[in-house]
Amino acid sequence: MSGAPGARPGLLVLGVPGFVFEPGPAAPCRADPEAYFVSGLRSAQAARLCAGCGYRDDYGAYALERPGLHGVWGGMTRGGRVTVRRRRLEPERGPPRGMPAV
């Protein structure tokens with residue numbers, strides 16, 4: 001991963017993308033990054049951490065492309081991101097057996 005201008009080298013090791021450090025509205029994770037790397041967070045807690053953040057979609061897309069990332073990214077826990085990736089790979093399913101197609 002290449003370093004972004006003004007990026008903090010230690011955070012690049014953690015996998016923090018360069019857009020975290022771009023000027024713009026303050027993302028909540030910039031003020032307290034350690035809150036986003038807590039073990040045992042549930043999906044609802046992760047979603048609340050990122051609620052209202054203008055970078056939520058960017059963080060989510062970034063993390064979905066990088067399976068090895070830890071912590072909350074785009075309002076998703078690592079387990080939540082695994083679920084999203086798995087669902088994207090599943091073929092479209094038809095209606096359950098015995099149910100008419102609409």
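The numbers here are math on the coordinates, done by the rules we state, and not lab data. Note that the coordinates shown come from a computational prediction; the quantities given were computed from them, not determined experimentally.
A few notes on this one:
- Chain lengthening between S43 and R88 when straightened (0.36 nm per residue, less Cα-Cα): 14.4 nm
- Extended-chain gain in nm, criterion 0.36 nm per residue less alpha-carbon gap, R66 and D32: 10.0 nm
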